[in-house]
1. Computed over the Cα atoms, what is the radius of gyration of region 209-250 divided by 2.2 N^0.38 Å, N being its residue count?
2. Of the peptides 35-41, 157-163, how do they stack up when ordered by the mean number of other Cβ atoms within 10 Å, highest first?
3. Taking the number of other C-beta atoms within 10 Å as the exposure measure, put Lys105, Lys252 in order starting with the fewest.
4. Within the chain, how many Lys pairs that are eight or more residues apart, or on different chains, come under 26 Å at the alpha-carbon?
5. So how do Trp207, Trp267, Trp175, Trp72 line up by other beta-carbon neighbours within 10 Å, fewest first?
6. Sorted by mean Cβ packing within 10 Å, highest first, what order do the peptides 221-228, 180-187 take?
7. Under 5 Å between amide hydrogens, which residues at least 5 positions from Lys252 or on another chain qualify, with H placed 1.01 Å from N in the peptide plane?
8. In vacuum, with every alpha carbon of the chain counted as one equal point scatterer, what does the Debye formula give for log10 I(q)/I(0) at q = 0.07, 0.10 Å⁻¹? Two decimals, please.
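Just so you know, all these numbers are worked out from the coordinates, no wet-lab data involved. Bear in mind the structure is a predicted one, so any value in this text is a computation, not a measurement. Positions of Cβ are generated from backbone atoms using ideal geometry, with glycine treated the same way; all protein chains shown enter the neighbour counts.
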Amino acid sequence: MQRAQRRLTLLLSAVLAFAFTMLTVTPASAAPARSNGSANRVIFIHGFAPGGEHDCSEYFRSARTHFANKGWRGNLLTFGYYAGNTNCSYNYRGSRDKSLNTVAKVFANYVHDNYSRRNIKVDVVAHSMGGLVVRAALHHTALGTPGFPDRLYIEDVATLGTPHGATDFPCPNWWQQCLDMKPGSPFLRSLPNTMPNSRRTGMGTDWTTVSSFDDAIVSEGSGIAGSAQHEVQYDDGIGHNELRTIRSGRYKSRIKHTARGNAWSSWTQRVSPVEQARLAVLFQSTT
């Protein structure tokens, strides 16, 4: 009887020791490591819809085709936020009158519930107002705002023509999303100058903001407003929507890296906006 009790005690001790070791070596809260590569899921977020609807598949057809043709291995997903949307990987049935903070909360919880809580990191490519959605999602998650998740593992973000510094483009004031994008709006004032990240929960987020001097909706300054690790400007006839569709050729542009002295490069012929977005989420540091 005593021998059986000793064996049981030894067995329980071994099990407890193994469990303690596993908890010590691989804590459940450990963030995924940053790395280069095309294995991450990429979530594409569309911009404002004057008519209250987008076809998510069509909106990002050029970009997703380009990523796939270049051998991207992770899933290429779309996130939408209008009830009238079609063909979105995930769609929140919202409206133009839903505040950007409301949409950001939905997006943050979508990413957390499907990926971050499982220690899966993702990348984000956002066009126009979509960039404000991911910016607010990361900011309020880091701030601990009620209703937002406790963590987001978003490794890289590339925004194309996002009004980080507002837009003066005519947009009806009776829609909340238009009000949120106006100069001096409470929404924009609530966001910090430095682009937010997931570092509070163990993973930093690398930001690349892209703008064009020929964007008639978002100025070249607004598209890179705030402090991102990498900022890119085009001056070659590229319009607002072309920032999300032009995927080949070389165009007059320049780039600035905060880690390299925060000085603009000389104007030169560089890759297309969509290829720039792909490189931004492919590498830990945009080239």
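1. Numbers: Rg = 10.0 Å, N = 42, 2.2 N^0.38 = 9.1 Å.
Dividing the Cα radius of gyration by 2.2 N^0.38 Å gives 1.10.
2. Values: 35-41: 14.4, 157-163: 31.4.
Highest to lowest by the protection proxy: 157-163, 35-41.
3. Details: Lys105 22, Lys252 15.
Fewest-to-most Cβ neighbours within 10 Å comes out as Lys252, Lys105.
4. Close lysine pairs found across the chain: 7.
5. Details: Trp207 28, Trp267 13, Trp175 17, Trp72 21.
Lowest to highest Cβ neighbour count: Trp267, Trp175, Trp72, Trp207.
6. Numbers: 221-228: 20.6, 180-187: 16.1.
Most protected by this proxy first, the peptides run 221-228, 180-187.
7. Those lying under 5 Å, H to H, from Lys252 are Asp235, Arg270.
8. After summing over all Cα pairs, the log10 values are -0.28, -0.52.
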